[in-house]
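S.K.: Got a structure here, written out as structure tokens. Questions coming.
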Amino acid sequence: MQATQYRIVFDGELMPGMAVETVKANLARLFKSDADTIDRLFQQDSVNIKRELSETQADQYLRALQAAGAKVRKEPEPNPALSLALMDSAEVTPLATAHMECPKCGHAQAQAIQCESCGIVIEKYLARQAQNTAPEALHELNQPYAPPRAQVAEPTPEFGELKPFSVHGRIGRLRYLAWSMILSLSALGLLVVGGGIFAFSSLVGFPLMGLIVIGFLIVTVQLGVQRLHDIGWSGWLILLTLIPVIGSIFPFVMLLAPGSKGLNRFGPPPPPNSRAVKILAVLWLLVPVIGIFAAIALPAYQSALWHAPF
């Protein structure tokens, strides 16, 4: 019994959320075809993209074309023994008349076995080129029904863009510490300036210091949200810092929890830490240590001075 064969049918419909021009460009890349040929696909009610496929091959084409944005469907081929109806002319795929470029000289021409310009037999030329490719690539070349491998979506960058004044993006633990140190020192310096202005004019100094504090809080929240994104958590969890008891523990969780390895739902990972980031992070970690040491040492030093015989 002969195995059932399938065809891929396109009615001009698109996958949800896809724009027509985007889908046309994707299909042109997939089939290495010109824009006019692709336009004809959308001008007909129903077009057979590919025929006489096995079920596995049909599924491969289905996935590739749907990824490109074309809403296609798989249908079984009619049994020729049961129907003598002639094939409708609209069923002839327009891709068969597509133009091509010679893989050697780049000459554009209609689909043909031989290049009109340099005279090479294209199939033999590709076979020779395939001998130098990796085994996996060679396997793909030998599969006439393999789905197109053209890249449809934009490639995801290896690392995300750093955005210190945004709630979008990701930052790791060390960069979170380093940026927090820079932010705190900057705010402290501005508050000193604002305090000096306040000493001369409270009318100007008070609003200025208020703006400095508000700006400090906004940027602090932005950095915290990006740190949560790096862990893979929602930025809204920053509100936990406002809850008593939990708010005193959660910042340590943000500092200690490792970030997601690779891409997560908030984007690619942040770039590797620079030497400056590492130095600033270590210095910021030393601040509480120095504070604790000073809190212990200063009273002891004052007591020693008090009891010293002078």
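Where a number appears in this text, it was derived from the coordinates with a stated rule and is not lab data. All values derive from a computational prediction rather than experimental measurement. Here the Cβ is made from the backbone with ideal geometry for all residues, glycine too, and neighbour counts use every protein chain on show.
S.K.: Of the trypsin sites (Lys or Arg not before Pro) in the range 17-63, which ones lie in a loop per DSSP and count no more than 13 other C-beta atoms within 10 Å?
M.R.: 32
S.K.: Give me a comma-separated list of calculated 3J(HN,Hα) values for the range 36-46, in order, Karplus coefficients 6.51, -1.76, 1.60 applied at θ = phi - 60°, integers in Hz, x for any Gly or Pro.
M.R.: 5, 5, 5, 4, 5, 4, 8, 8, 10, 5, 8
S.K.: Also, I was wondering about something else. How much FRET efficiency would the formula 1/(1 + (r/R0)^6) give for residue 35 and residue 296, where r is the Cβ-Cβ distance and R0 is 45 Å, rounded to 0.05?
M.R.: FRET efficiency, residue 35 to residue 296: 0.05.
S.K.: How much length is gained if the chain between residue 121 and residue 105 is pulled fully straight, taking 0.36 nm per residue apart and subtracting their Cα-Cα distance, in nm to one decimal?
M.R.: So the extension gain works out to 4.5 nm.
S.K.: Now a separate question. Hey, got the dipole for the range 173-306? About the Cα centre, +1 on K and R Cβ, -1 on D and E Cβ, debye to the nearest 20?
M.R.: 440 debye
S.K.: For the pair residue 18 and residue 234, what calculated FRET efficiency results from E = 1/(1 + (r/R0)^6), where r is the Cβ-Cβ distance and R0 = 35 Å, to the nearest 0.05?
M.R.: Given R0 = 35 Å and the Cβ-Cβ separation, E is 0.80.
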